[in-house]
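The values are calculated or read from the model by the stated rules, or taken from the named source; none is laboratory data. Computed from a predicted model, the values in this text were never measured in an experiment. Quick reminder, even Gly has a Cβ in these numbers, built from the backbone with ideal geometry, and neighbours come from all protein chains shown.
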Amino acid sequence: MIIKSFKLNKKIILAITFFIISLSIILFVSLAIDENEQENQESKKDNFIKWVDFNVSYEALDLTSKLDIDSHNKDADIKYNWIELLAYLACKNGGNFKNFKKSDLDALVQKLQNGETMGNLTKNLKNYDYYYESYSAVLSQFIGYNSDEKYGVIAFLPIAKGYSFSHYDDFGKSRSYGFQRTHLGNDLMGSIGTPIVAVESGTIEHLGWNQFGGWRIGIRSFDKKRYYYYAHLRKDHPYADGLKEGDVVSAGDLIGYLGMTGYSIKENVNNINVPHLHFGMQLIFDESQVDSPNEIWIDVYNIVEFLKRNRSQIIKNFGDVP
Ligand SMILES: [Zn+2]
């Protein structure tokens, strides 16, 4: 009897031991998976582009855009994608288009004509994906089909058609109002009242007074990657009638008028010396980059030069420059 109960106890003990060991294993494995997943999510969260130095030259923008547009309009066998071409060239020149050589582009085009594919040509280029993603963030909505189903440049110069302006590459120059800082855009000098149009379609995120920008408007692209900033708009009548935050605007729509407001805590004050539009573009790869010390503003001088080929006609009203 004693022996029997001992045997039974032994069985029970064995079963309990087995149960505890199994439970521990399950617990350990599930904890390890959980930790792994957390790590994965964290690295995913942090895996976005932190910096872009956009220095693609006007010549490179011009040549690659023509290849892209012509090949689509002629319905050629090989259709070029200017962003792919630019990303490939960036790998060749180390991301510095001061070293851009047309012969590099010609050689690439020749290879594609000979039947090689972008996929094969770029698979061993270490930084190709970085440049492709960076340049896509800047340029992806600049070329495409317009409302008439015509393929070409669909982004507009911010200064309306028929109005003159002047500019030079002033990105990174020092500014002293408020605190010492660098200039994160391009100033387009023109007459007060010159109609300003949306470069790209998007949603108005900011509209109103800002100490630095004066009457300003900030428009976010639909893919959320670009934030367009138009500042120093006209005193008393800065914006196109009826615009408000949250509204959607289309590329080429009138959004406001050139002026000289800003550099004042008080609203509607002309403290800028020379009337101009401050035009800026911020790239956003992750929402944490908005309003942070890690904002990415790019030099838009060559983009403004490029967009001179596509200007929007605005019907004059009483508020415009005569
Ligand atoms: Zn400026």
> For the subset of the stretch 240-268 comprising residues that are closer than 18 Å to residue 307 by Cα and small (Gly, Ala, Ser), which member is surrounded by the most Cβ atoms within 10 Å (Cβ to Cβ)?
Replying inline: 252
> Can you tell me which of 262, 246 is within 14 Å of the ligand (Cβ to nearest atom), within 21 Å of residue 206 (Cβ to Cβ) and either outside the structural domain of residue 187 (by TED's automatic domain parsing) or at pLDDT 95 or above (or both)?
Replying inline: 262
> What number of residues within the stretch 274-295 are crowded, with 21+ Cβ neighbours inside 10 Å, of a type in the set (A, V, I, L, M, F, W, C) and either under 12 Å from the mean Cα position of the chain (by Cα) or at pLDDT below 95 (or both)?
Replying inline: 1
>> Restricting to the stretch 82-112, count the residues that are over 26 Å from the mean Cα position of the chain (by Cα) and β-branched (Val, Ile, Thr).
In response: 1
>> Just to be sure before I move on: is residue 86 at pLDDT 95 or above, surrounded by 12 or more Cβ atoms within 10 Å (Cβ to Cβ) and assigned to a helix (DSSP H, G or I) in the structure I sent?
In response: yes
> Scanning for something surrounded by 10 or more Cβ atoms within 10 Å (Cβ to Cβ), at pLDDT 95 or above and assigned to a helix (DSSP H, G or I), does the stretch 46-58 turn up at least one residue?
Replying inline: yes
>> Just to verify a result, which residue in the stretch 186-197, among those that are closer than 22 Å to residue 250 by Cα and outside any strand (DSSP E or B), is farthest from the ligand (Cβ to nearest atom)?
In response: 193
> If you go through the stretch 279-300 one residue at a time, do you hit one that is closer than 21 Å to residue 191 by Cβ and among the acidic types (Asp, Glu)?
Replying inline: no
> From the list 272, 284, which residue is assigned by TED's automatic domain parsing to the domain that holds residue 298 and more than 16 Å from the ligand (Cβ to nearest atom)?
Replying inline: 284
